[in-house]
Structure formats: C-alpha cells, structure tokens
Amino acid sequence: MARVELRQVTREDVGRIAEWLKDPEVAEIWFGRYTYGDAAHLGYDPEQMLKANETEWNEVFHDPHHHPHRDIFSIYTLEGDHVGEGQLSIDEALGDSQLSVLVGRKDMWHKGIGTAAVLAMLEHVFEHLRLHRAWVDVPEYNMAARRMFESIGFQHEGTLRQSRPHEGARHNSAILGILVDEYERHYPEGVTSHVIDWETQRI
Ligand SMILES: CC(C)(COP(=O)(O)OP(=O)(O)OC[C@H]1O[C@@H](n2cnc3c(N)ncnc32)[C@H](O)[C@@H]1OP(=O)(O)O)[C@@H](O)C(=O)NCCC(=O)NCCS
C-alpha cells in the first residue's frame, strides 16, 4: 500500500498546483474553469493565492472561524515529492465533512496515492474529529474518482442533476458517502497509509 505524508501548504506548493492545473486533462476533470478562464480550484484560486499577502493567506489556510471549517493540506510521498492536495470542509453542526483530493502529478496516478490520501483524511475525520459521515461530490465524467472512492468503501447516496458544467454541457454528479460504522468495519485496525506532519491538527 502506498504511503503519503500530509503537510501544511506552502507557497511553493501552491505554485506547483497552479502549474498542474495548466494541464487541461487535470483541470477539466477537477473543477473546470472560472468564467475568466483560470482553472477552478476548491477553496481558493491558486494563481491569485500566489500574490496573496499574509492576511489573505491566513484567511484561506488558517482561519478557525471559516464556516464550514476547512482543513487544506499538501500530499507528499515519503520520498519528499509534492504530489497533490487534500481538503476537508467540515460542518461541525451536522457532524460531517466533504472531502476532495487532487493528485496533480499525472505521472503518479495509479500508484495508490489517491487512495492513501483519502484514507488519511478518513482517519482524521473519524478518529480525530469524531465526525459521523464523510462525503464527496463526483461528476459522472470522472469515473476514475468514482471507482477509487467506491473501492475505499464509499456508497452512492444520491444524484445532483446537471450540477457540473463541463465541456459545454451540464452533467450530473454523484454524492458518495461513508459512515463512521462503515469505516470501522472496513478498517478495523485503523489505517496505516500515511504519516501526518501537520502542526495544526486542531478543531
Ligand atoms: C482520482 C485521483 C485522485 C486518483 O488518484 P490515484 O492516485 O491515481 O488513485 P489510486 O492509484 O489510489 O487508484 C485507486 C483506484 O481508483 C481507480 N482508478 C484510478 N484512476 C482510474 C482511471 N483513470 N480509470 C479507472 N479507474 C481508476 C482504480 O480502481 C484504482 O485502482 P487500480 O489502480 O488498482 O486499478 C486522480 O486521478 C486525480 O487527482 N484526478 C483529478 C482530481 C480528481 O478527480 N479528484 C477526485 C474528485 S474529489
């Protein structure tokens, strides 16, 4: 099983994310484009963030009052290569968290990195934050992500109709979710996919 390290996001990391999103294959399958043309990205615009001052940076990466609460971290291999980004969007009132994961280095796809990063996030969601449910919103054209989440144990919960604009048309997306007892059944020994080097393991 691949192993990853989760770290706080640095400006150099954001620079690499902006580069990865210049690849149309990565950008289009991720969140498409803003109306002004840049590749869209959940939570912040990497190109804009590269110019952010400290206050603007902290509002995105260290804002304890943002609702829903965000935890954003960089995914590194144990060899020290930055390969992607994971995000949690935590709704404490509902006891759940939306997940998203980007393995931006295409040459690293199909090596189990995405799975390892999601398992690391699930451990955080269920074992540290003690939430009840984790979920993802996956557009129908992203079969790779759908297969990956289903192989981890996520189940189809519902369909959002025509929720995603993509290549000139609107597409449905699937809400896939996993509950805490399902996670515990799938991973009774916990998960060992990662090392967390993440000072702000808070909330
Ligand atoms: C989806 C994504 C995270 C998968 O990352 P990855 O590191 O390649 O994933 P894994 O190697 O852990 O793959 C796990 C399983 O998912 C499935 N899968 C992954 N990529 C696939 C593809 N292109 N086609 C079909 N199935 C695929 C396979 O079942 C795979 O297992 P296998 O490689 O043993 O066949 C990566 O392709 C990516 O970042 N895509 C762009 C962003 C995105 O779509 N994010 C998900 C939405 S939140």
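The table that follows gives values for the structure above.
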| item | result |
| --- | --- |
| Residues that are buried (at least 20 other Cβ atoms within 10 Å of the Cβ), within 14 Å of the chain's Cα centre (by Cα) and part of a helix (DSSP H, G or I), drawn from segment 124-147 | His124, Val125, Ala145 |
| Residue ID - farthest from the chain's Cα centre (by Cα), chosen from residues in segment 148-171 that are of a type in the set (Ser, Thr, Tyr) and farther than 19 Å from Ala27 by Cβ | Thr159 |
| Meets criteria (within 12 Å of the ligand (Cβ to nearest atom), crowded, with 18+ Cβ neighbours inside 10 Å and assigned to a helix (DSSP H, G or I)) for Arg164 | no |
| Given (1) at pLDDT below 95; (2) β-branched (Val, Ile, Thr); (3) under 23 Å from Asn142 (Cα atoms), index of the condition Val125 fails | (3) |
| Failed condition for Gln98, given (1) farther than 21 Å from Gln8 by Cα; (2) free of Cβ contacts under 8 Å to residues at least 60 places away in the same chain; (3) within 11 Å of the ligand (Cβ to nearest atom) | (1) |
| Extreme residue, farthest from the ligand (Cβ to nearest atom), among residues of segment 110-123 that are in contact with a helix residue (DSSP H, G or I) (Cβ under 8 Å, 6 or more places away or on another chain) and either closer than 18 Å to Glu182 by Cβ or in a loop (DSSP other than H, G, I, E, B) (or both) | Leu122 |
| Residue count for segment 70-105, restricted to those that are closer than 19 Å to Leu6 by Cβ and more than 14 Å from the chain's Cα centre (by Cα) | 7 |
| Residue in segment 101-120 that is surrounded by the most Cβ atoms within 10 Å (Cβ to Cβ), counting only those that are in contact (Cβ under 8 Å) with a residue 60 or more places away in the chain and of a type in the set (A, V, I, L, M, F, W, C) | Ala117 |
| Any hit, segment 31-38, residues being under 17 Å from the mean Cα position of the chain (by Cα), surrounded by 15 or more Cβ atoms within 10 Å (Cβ to Cβ) and not in a loop (DSSP other than H, G, I, E, B) | no |
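Here's the yes/no breakdown for (1) at pLDDT 90 or above; (2) charged (D, E, K, R); (3) under 30 Å from Gly190 (Cα atoms); (4) assigned to a helix (DSSP H, G or I):
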residue: Ala2; (1), (2), (3), (4): no, no, yes, no
residue: Glu19; (1), (2), (3), (4): yes, yes, no, yes
residue: Glu25; (1), (2), (3), (4): no, yes, no, yes
residue: His41; (1), (2), (3), (4): no, no, no, no
residue: Glu59; (1), (2), (3), (4): no, yes, no, yes
residue: Phe73; (1), (2), (3), (4): yes, no, yes, no
residue: Tyr76; (1), (2), (3), (4): yes, no, yes, no
residue: Glu79; (1), (2), (3), (4): yes, yes, yes, no
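The values are calculated or read from the model by the stated rules, or taken from the named source; none is laboratory data. The shown structure was predicted, so the numbers you read here are calculated from the model rather than taken from an experiment. Neighbour counts are summed over all protein chains in view; Cβ atoms, including those assigned to glycine, are modelled from backbone coordinates with ideal geometry.
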